[in-house]
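Peer 1: Below: one structure in structure tokens.
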Amino acid sequence: EDDKFFRELWKTIDGEEERRSRVKISYGTAGFRRKGETLRGVAFRCGLLAGLRSRALDGKATGLVVTASHNPVEDNGIKLVDGDGGMLHISWEKYAEEVVAAQSSQELQQVVEKIVLRPENTCVAASGGVVLLARDTRPTGEALIAAAIAGVKAAGCEALGSTDTLRTTPQLHWQVLMKNCGKPSEESDYFDKLREGCSRLLSGQGSKPVGHLIIDCANGVGALKAPSVVSAISNAGTVVTLKNTGGGVVNHLCGADYVQKEKVLPETFVDLPGDSLCLSLDGDADRVVFFLPGAGQSGQGAPGSVDLLDGDKILCLIAAHLKSCLSKLDGAMTGPKPSIGVIQTAYANGSSTRYLEENLGLSVVKTKTGVKHLHHSALAFDVSVYFEANGHGTVLFSESFLERLRKVPQGNGGAMHLLELSDIVNPSVGDALSMALLVYVILTHKKWTHREWCDLYRDVPSRMLKCVVPDRSQIKTTNAEQQMLQPQELQVKVDELVSKASLGRAFVRPSGTEDIVRIYAEAETQQGADQLAQSIMEAVRSHFHGGQ
Ligand code: G16
């Protein structure tokens with residue numbers, strides 16, 4: 001039966017068009033992405049690579065998720081999970097590209113041999129290897145998982161997962177991590193752990209921070225998983241309502257990316273109770289943004305506009321809380337003062353960075369876009385929090401710091417609380433559901449209303465735009481992607497436009513998940529930010545299309 005499936009699959013993926021299109025596809029910010037129906041060959045080869053990676057790690061489990069995350073429903077993609085539960089190690093991204101680009105079975109075989117024979121991959125020849133697989137709810141997911149499973153088997157590895165295995169991306173990351181720690185990884189365990197941890201943190205806390213919590217599940221896989229987690233919040237007295245649970249199209253006029261970029265309510269968010277705090281997941285529930293229905297920060301927003309509590313504001317809330325918990329440890333913990341890391345990207349709103357540095361006295365590390373970069377930087381600290389403005393982020397506690405916390409004498413509330421917090425965060429990657437619980441817990445402990453959180457600082461007006469160009473790989477950036485090295489003349493033009501805008505800041509970078517260039521601009525007023533972004537977009541168009 002497998003042979004028949006394999007022959008049929010090979011016919012599709014060895015077709016001329018598929019072969020040629022694979023040459024151009026790059027691993028990007030978070031894996032391969034494009035139209036779902038063109039990805040079977042890529043899925044097969046990623047299954048193969050995930051198997052090879054598992055074997056190179058001496059049989060440790062790796063993972064593969066079929067999802068295009070925040071992208072539209074017709075897109076799909078493959079995210080690969082490494083043996084530590086994080087994203088595929090950067091050194092293997094080039095292998096992934098080579099395996100995918102191979103033009104014939106012979107070429108594929110040569111590429112695989114090259115990987116296997118590299119001295120650092122000596123374990124690759126050992127037998128064994130296991131890959132956990134899952135998908136989100138996109139219609140093309142089933143066929144892609146089937147192809148990926150065939151690839152895992154072609155690598156001689158065990159495939160754990162079937163065409164029906166629906167998981168959020170962070171759930172699969174966590175399962176890979178747990179499997180490699182020898183801990184149970186049944187589907188329910190993860191969400192049980194989050195819910196029970198959250199209930200413990202909320203017990204005896206008295207007042208609830210918000211009357212209604214309204215969750216936009218983006219018509220994605222998060223809708224299937226959210227109910228088992230959010231009962232911890234409803235048990236605390238907040239009315240929780242799930243919306244966009246699958247009746248509509250994934251990410252269409254809803255979801256974290258839509259709300260964050262457009263700064264408007266998801267389309268189905270009408271007649272909301274006055275004291276609502278809302279949040280949006282994305283299609284695979286690895287990002288989250290919060291928002292308050294309202295008139296916008298200016299107080300004069302159009303109907304449907306929101307006060308956005310994006311990844312930056314989530315980061316500031318968490319950083320403020322961690323800092324105050326750490327201060328309670330003073331004197332109770334032996335050894336050096338614990339280090340605290342705060343990581344952002346260039347997209348972080350200037351006000352958030354100022355709040356962190358000036359109000360909280362923390363130093364901020366800036367990295368390139370992509371969770372893999374932020375996560376890597378965060379690992380250098382005892383405790384750290386990283387967030388992209390678009391809602392990707394988590395909190396990390398180093399093992400040695402957790403060990404020191406466990407030794408703090410009983411009765412030190414700060415140590416116990418930090419240990420309990422570590423139970424509701426996903427240590428492998430950003431997780432929307434875990435972060436939703438964490439924010440609720442922190443607001444409860446701080447006795448803050450959602451409005452107080454919102455008023456922590458006022459965002460510098462900003463605008464993000466997308467522009468389609470013939471070949472985005474012509475843009476090369478530096479300085480955490482804030483400047484273009486190429487095309488130089490375009491950077492000169494951007495600098496000139498920024499210098500004319502009051503309190504202007506802007507940059508242009510190629511997206512690693514969509515076939516577009518992103519333009520980000522900040523200025524003193526919203527109109528100024530809109531104008532700056534628009535004029536940069538015209539400069540980009542004119543550079544690539546001669547103004548067309
Ligand atoms: C992925 C990455 C994120 C990144 C986002 C957008 O998110 O995991 O780190 O911020 O893509 O990247 P780009 O601006 O390069 O398109 P997701 O939610 O799409 O998997």
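Every number here is computed from the coordinates shown, using simple stated rules; none is lab data. Here the structure is a predicted model, which means the values were calculated and not measured. Neighbour counts are summed over all protein chains in view; Cβ atoms, including those assigned to glycine, are modelled from backbone coordinates with ideal geometry.
Peer 1: What is segment 363-454's relative contact order, in percent, from Cα pairs under 8 angstrom and six or more apart in sequence? Don't skip to the answer; put the middle values down first.
Peer 2: Numbers: 88 pairs, mean separation 18.9, N = 92.
Value for segment 363-454: 21 percent.
Peer 1: Could you tell me which of rounded, prolate or oblate describes segment 128-186, using a ≥ b ≥ c as the square roots of the eigenvalues of the alpha-carbon gyration tensor, with rounded for a/c under 1.5 and, failing that, prolate when a/b is larger than b/c and oblate otherwise? Please list the in-between numbers first.
Peer 2: Values: a/c = 2.84, a/b = 1.19, b/c = 2.40.
Verdict is oblate for segment 128-186.
Peer 1: Residues of segment 233-277 with amide nitrogen under 20 Å from the 7 Å Cα-to-Cβ point of residue 205?
Peer 2: Zone members listed by number: 233-242, 275-277.
Peer 1: Another question, then. Determine the sum of side-chain charges near residue 390: Lys and Arg each +1, Asp and Glu each -1, restricted to other residues whose C-beta is under 12 angstrom from that of residue 390. Let's see the in-between values first.
Peer 2: Numbers: positive: 261, 287, 518; negative: 257, 282, 286, 310, 312, 388.
Net charge around residue 390: -3.
Peer 1: Antiparallel as a % of all DSSP beta bridges within the chain, to the nearest 5? Don't skip to the answer; put the middle values down first.
Peer 2: Working: 38 of 65 bridges.
Beta bridges within the chain, antiparallel portion: roughly 60 percent.
Peer 1: Taking the Cα centre of the chain as origin, work out the dipole magnitude from +1 charges on Lys and Arg Cβ and -1 charges on Asp and Glu Cβ, in debye rounded to 20. Please report the intermediate quantities before stating the final value.
Peer 2: Values: 59 positive and 65 negative charges, 145 e Å.
So the dipole magnitude of the chain works out to roughly 700 debye.
Peer 1: Tell me, what ³J(HN,Hα) does each residue in segment 527-541 have, in order and in whole Hz, if you take phi through Karplus 6.51 cos²θ - 1.76 cosθ + 1.60 with θ = phi - 60° and put x for Gly and Pro?
Peer 2: So the J values, rounded to whole Hz, are 4, x, 5, 4, 5, 5, 4, 5, 6, 5, 4, 5, 5, 5, 4.
Peer 1: If the cut-off is 17 Å between C-alpha atoms, which lysines fall inside it for residue 328, apart from same-chain ones fewer than 8 positions away?
Peer 2: In chain and number order, the partners are 337, 407, 446.
Peer 1: On to the next question. Determine the sum of side-chain charges near residue 420: Lys and Arg each +1, Asp and Glu each -1, restricted to other residues whose C-beta is under 14 angstrom from that of residue 420.
Peer 2: +3
Peer 1: Which shape class applies to segment 238-344: rounded if a/c is under 1.5, otherwise prolate when a/b exceeds b/c and oblate if not, where a ≥ b ≥ c are the square roots of the Cα gyration tensor eigenvalues? Let's see the in-between values first.
Peer 2: Numbers: a/c = 2.58, a/b = 2.12, b/c = 1.22.
Note, shape of segment 238-344 comes out prolate.
Peer 1: In the neighborhood of residue 329, defined by Cβ-to-Cβ distances under 12 Å, what is the net charge if each Lys or Arg adds +1 and each Asp or Glu adds -1? Show your work: numbers first, answer last.
Peer 2: Numbers: positive: 323, 328, 337, 404, 407; negative: 330, 382.
Value of the local net charge: +3.
Peer 1: Right, something else. Considering only Cα-Cα distances, which of the following residue pairs are longer than 28 Å: 243/263; 368/447; 79/179; 323/447; 94/193; 79/243?
Peer 2: Numbers: 243/263 18 Å; 368/447 35 Å; 79/179 18 Å; 323/447 16 Å; 94/193 36 Å; 79/243 26 Å.
368/447; 94/193, as the Cα separations exceed 28 Å there.
Peer 1: Which percent, nearest 5, of DSSP beta bridges in segment 238-372 are antiparallel?
Peer 2: Working: 9 of 13 bridges.
Antiparallel bridges make up about 70 percent of those DSSP assigns within segment 238-372.
Peer 1: Quick one: compute the contact order of the chain, relative version, from alpha carbon pairs under 8 angstrom and 6+ residues apart, as a percent. Intermediate values should be presented prior to the final figure.
Peer 2: Details: 1196 pairs, mean separation 67.2, N = 548.
The value is 12 percent.
Peer 1: Do any GluC sites (Glu not before Pro) in segment 169-228 lie in a DSSP loop with no more than 13 other beta carbon atoms within 10 Å, and if so, which? Don't skip to the answer; put the middle values down first.
Peer 2: Values: sites: 186, 187, 196; in loops: 186.
Sites meeting the loop and neighbour criteria: 186.
Peer 1: Rounded to whole Hz and in sequence order, give me ³J(HN,Hα) for segment 197-210 from the Karplus expression 6.51 cos²θ - 1.76 cosθ + 1.60, θ = phi - 60°, writing x for Gly and Pro.
Peer 2: Each residue's phi maps through the Karplus curve to give x, 5, 4, 4, 5, 8, 5, x, 8, x, 5, 8, x, 8 Hz.
Peer 1: Using a 10 Å cut-off around each Cβ, can you sort 145, 519 from fewest to most neighbouring Cβ atoms? All intermediate terms of the calculation are to be shown ahead of the outcome.
Peer 2: On the way: 145 26, 519 23.
With the fewest neighbours first, 145, 519 line up as 519, 145.
Peer 1: While we're on this one: Give the lysines whose C-alpha is closer than 17 Å to that of residue 261, dropping any in the same chain fewer than 8 places away, or say none.
Peer 2: Excluding near neighbours in sequence, the set is 313, 466.
Peer 1: Would you pull out the residues with amide H under 5 Å of residue 242's amide H, same chain only if 5 or more places away, H placed 1.01 Å from N?
Peer 2: When sequence neighbours closer than 5 places are left aside, the close amide H contacts are 215.
Peer 1: Going by how many other Cβ atoms sit within 10 Å of their own, how do 190, 520 line up, fewest first? Mind showing how you got there, number by number?
Peer 2: Details: 190 27, 520 22.
Final ranking by Cβ density, sparse to dense: 520, 190.
Peer 1: Using θ = phi - 60° and the Karplus form 6.51 cos²θ - 1.76 cosθ + 1.60, what ³J(HN,Hα) does each residue of segment 102-116 get, whole Hz, x for Gly and Pro?
Peer 2: Whole-Hz 3J(HN,Hα) from phi for segment 102-116: 3, 8, 8, 4, 4, 5, 4, 4, 5, 5, 4, 4, 4, 5, 4.
Peer 1: Determine the relative contact order of segment 52-186: mean sequence separation of Cα pairs under 8 Å and six or more apart, normalised by residue count, in whole percent. Let's see the in-between values first.
Peer 2: Values: 226 pairs, mean separation 44.5, N = 135.
It comes to 33 percent, rounded to a whole number.
Peer 1: Something else now. Fewest to most neighbouring Cβ within 10 Å: what's the order for 339, 104? Intermediate values should be presented prior to the final figure.
Peer 2: On the way: 339 13, 104 10.
The order, fewest Cβ neighbours first, is 104, 339.
Peer 1: Using a/c under 1.5 as the rounded threshold, could you call the chain rounded, prolate or oblate? The axes a ≥ b ≥ c are square roots of the C-alpha gyration tensor eigenvalues, and prolate needs a/b larger than b/c, oblate otherwise.
Peer 2: Details: a/c = 1.56, a/b = 1.18, b/c = 1.32.
Because a/c hits 1.5 or more and a/b fails to exceed b/c, the chain counts as oblate.
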